[in-house]
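The values are calculated or read from the model by the stated rules, or taken from the named source; none is laboratory data. Predicted, not measured: the structure shown is a model, and the values here were computed from it. All Cβ positions, even for glycine, are placed from backbone atoms using ideal geometry, and neighbour counts span all protein chains on display.
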Amino acid sequence: MARKVKFALKMKDGAEVRNLQDLQEHFDIDRVMEYYLNGKLSTWLDDRYYEEESDQIHELDSNDPELSRKLCEIFQVEYVREALSPEEIEARNQKIERLRELTDDEEIVAKVDSVAFTQEELAELLDKGLDTIYLCSADLKIPEKIKSKTYIGICTRIQISPEKLERFNKNNIQLINLIEEPEVRMESDVTNDREDGAELKDKENTFKDRILEILQKYTSDNYKIRIAPNPYKKTGYGLYESGFKSKSAARREIEGKLRKAYDYADRCIQTGNRDSLSTRLLEVLIKDLEPDIIEIQTIIENINDSLKKRNSIILERLKEKLNLNELRRSIESELEKELQGSYYQTILESFNWYADFIDYEEWENGAAGLFESKYEYSYDGNEAVDLVDQHLTMAAETFCDIAMGHVKTEVITSIIELASKLESR
């Protein structure tokens, strides 16, 4: 029998509970419901020999409208409200996955219930009365009339007029990491003998600096992208089930679920499909790059005719490299070349290797009929899928770091070197 790993249950407040006392102290009905639905709650109880609670959990019906109340009763905690539905839990998990594509800061990911990607989500959070809300889209409209709120941007910048910003301040609305600061150039004393047009030349001198500033952001060590693949969602989360009349029936069901997780992980490390790590990293990077490339193209178009003429050859080459379709192809080539490396193609073990970590149990059910099975069987596939998830996560983290390094050196740096040759006067 495969070795069991005793894992902790992580609650909403960040506590990792390892016994019933901790569970009662940090009880969160949404997290407990999620662990019940994906089978981890049963495994957690069985691993610690909480037999009475485990038996009660096995007797529950996931479709019972009183399920939340019964879970609270089992663990002797006060029933406050209904838990999230399975659909709401799945939506929350998808939201976490989207959030991890923007940041690897676990403190921010833990705030997922205070995050808005859409205007509808923002409205729901405001209706709940949250004081602090995290925004993940520049398209979101912040209401002026709802006072005393704090909005924090996650990879999001919005343009706000000075007049509107003043109204926000009057209503005690704080904006953190959200305001897109305009470029400000401080000018020293202007002498009377300054030549006509000198101010324009100073302004022109900034176009090269601004182009380089935009591009160098992507070569900075601070610029990172994280992809968070999730094989669990392919299994339907039901990784512990009991009541099977034969071990073969139990094996067919859990191996079918494991196969879905395994095939998804395999697609992630292959190229040319929507689950591919290279495809997902490409989409996030292009989404970041597109507004910046458009800004650079606008800057180039607004350069005066004299500078355009002197830089004509370099500008033409820049335009070619900054063509979004061409840029996409160049980046895609680097990403796919990395993903096709031997490390990623050997990161997964064979399907049967993972299947060996499925745990099956058999017990007598007291059947007395001539044709009734004397035994019942259960399966626990949590450890098997955990291992698939661990290996895939290792691959994703390594790929994001190394592949982005190739993009920085082979694609972005070459554009920066070309832009550095521009004459700004």
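If ARG252 passes every condition in (1) in the same structural domain as PHE399 (by TED's automatic domain parsing); (2) of a type in the set (Lys, Arg); (3) surrounded by 15 or more Cβ atoms within 10 Å (Cβ to Cβ) but one, which one does it miss?
(3)
Among VAL109, VAL80, which is modelled with pLDDT under 85 and closer than 27 Å to LEU277 by Cβ?
Of the residues listed, the single one that is modelled with pLDDT under 85 and closer than 27 Å to LEU277 by Cβ is VAL109.
Given the conditions (1) free of Cβ contacts under 8 Å to residues at least 12 places away in the same chain; (2) part of a helix (DSSP H, G or I); (3) not charged (D, E, K, R), report the number of the one that ASN273 does not fulfil.
(2)
So, in segment 336-360, how many residues would count as being in a helix (DSSP H, G or I), modelled with pLDDT of 90 or more and of a type in the set (S, T, N, Q)?
Looking only at that region, the number is 1.
Please indicate, with yes or no, whether at least one residue in segment 351-372 is of a type in the set (Ser, Thr, Tyr), exposed (fewer than 15 other Cβ atoms within 10 Å of the Cβ) and out of contact with any His (no Cβ under 6 Å at 6 or more places or on another chain).
No: zero hits.
Does ILE227 satisfy being part of a loop (DSSP other than H, G, I, E, B), buried (at least 20 other Cβ atoms within 10 Å of the Cβ) and among the aliphatic types (A, V, I, L, M)?
Criteria met by ILE227.
Given the condition in contact with a Phe, Trp or Tyr (Cβ under 6 Å, 6 or more places away or on another chain), farther than 15 Å from TYR240 by Cα and not in a loop (DSSP other than H, G, I, E, B), answer yes or no: does some residue in segment 63-85 qualify?
There is at least one residue in segment 63-85 that is in contact with a Phe, Trp or Tyr (Cβ under 6 Å, 6 or more places away or on another chain), farther than 15 Å from TYR240 by Cα and not in a loop (DSSP other than H, G, I, E, B).
Mind telling me which of the residues ASN169, ASN93 ends up being polar (S, T, N, Q) and within 30 Å of ASP22 (Cα to Cα)?
Result: ASN93 is the single residue among ASN169, ASN93 that is polar (S, T, N, Q) and within 30 Å of ASP22 (Cα to Cα).
Would you check if GLY381 is small (Gly, Ala, Ser), touching a strand residue (DSSP E or B) at 6+ places or on another chain (Cβ under 8 Å) and under 30 Å from ASP275 (Cα atoms)?
Taking the combined requirement at face value, the residue satisfies it.
Does any residue in segment 134-145 that is on the phi < 0 side of the Ramachandran plot and without any contact (Cβ under 8 Å) to a residue 40 or more places away in the chain come within less than 6 Å, Cβ to Cβ, of a residue that is assigned to a loop (DSSP other than H, G, I, E, B) and among the basic types (Lys, Arg) six or more places away or on a different chain, and which pairs are these?
TYR134/LYS111
Going by what's in this entry, would LEU348 be described as out of contact with any strand residue (DSSP E or B) (no Cβ under 7 Å at 6 or more places or on another chain), under 29 Å from GLY236 (Cβ atoms), without any contact (Cβ under 8 Å) to a residue 40 or more places away in the chain and buried (at least 16 other Cβ atoms within 10 Å of the Cβ)?
no
Of the residues THR103, THR118, which is loosely packed, with under 13 Cβ neighbours inside 10 Å, within 27 Å of ASP275 (Cβ to Cβ), among the hydroxyl-bearing types (Ser, Thr, Tyr) and in the same structural domain as TYR151 (by TED's automatic domain parsing)?
None of the other options fit; the residue is THR118.
Residue check, ILE303 against (1) part of a helix (DSSP H, G or I); (2) in contact (Cβ under 8 Å) with a residue 60 or more places away in the chain; (3) farther than 24 Å from THR235 by Cβ; (4) not small (Gly, Ala, Ser), all met but one. Which one?
Just one mismatch for ILE303, condition (1).
Test SER333 against the stated conditions and say whether it is under 19 Å from PHE207 (Cβ atoms) and outside any loop (DSSP other than H, G, I, E, B).
no
Working only within segment 43-77, note down all residues that are closer than 19 Å to LEU239 by Cβ, surrounded by 18 or more Cβ atoms within 10 Å (Cβ to Cβ), at pLDDT below 90 and of a type in the set (S, T, N, Q).
THR43
Six or more apart or on different chains, Cβ under 9 Å: which pairs go from a residue in segment 409-425 that's farther than 15 Å from ARG310 by Cβ to one that's not in a helix (DSSP H, G or I)? Could you list them?
Once the first residue is farther than 15 Å from ARG310 by Cβ and sits in segment 409-425, its partners that are not in a helix (DSSP H, G or I) give ILE415/LEU322.
On the given criteria, is ALA110 among the small types (Gly, Ala, Ser) and touching a residue at least 60 places away in the same chain (Cβ under 8 Å)?
It is true that ALA110 is among the small types (Gly, Ala, Ser) and touching a residue at least 60 places away in the same chain (Cβ under 8 Å).
Which of the residues that make up segment 68-111 are of a type in the set (Lys, Arg) and closer than 13 Å to ALA228 by Cβ?
LYS95, ARG98, ARG100 - these are the residues of segment 68-111 that are of a type in the set (Lys, Arg) and closer than 13 Å to ALA228 by Cβ.
Hey, can you tell me all the residues within segment 1-57 that are within 23 Å of the chain's Cα centre (by Cα), part of a loop (DSSP other than H, G, I, E, B) and more than 20 Å from TYR379 (Cβ to Cβ)?
If the condition is that a residue be within 23 Å of the chain's Cα centre (by Cα), part of a loop (DSSP other than H, G, I, E, B) and more than 20 Å from TYR379 (Cβ to Cβ), then ALA8, MET11, LYS12, ASP13, GLY14, ALA15, ASP28 are the ones that fit.
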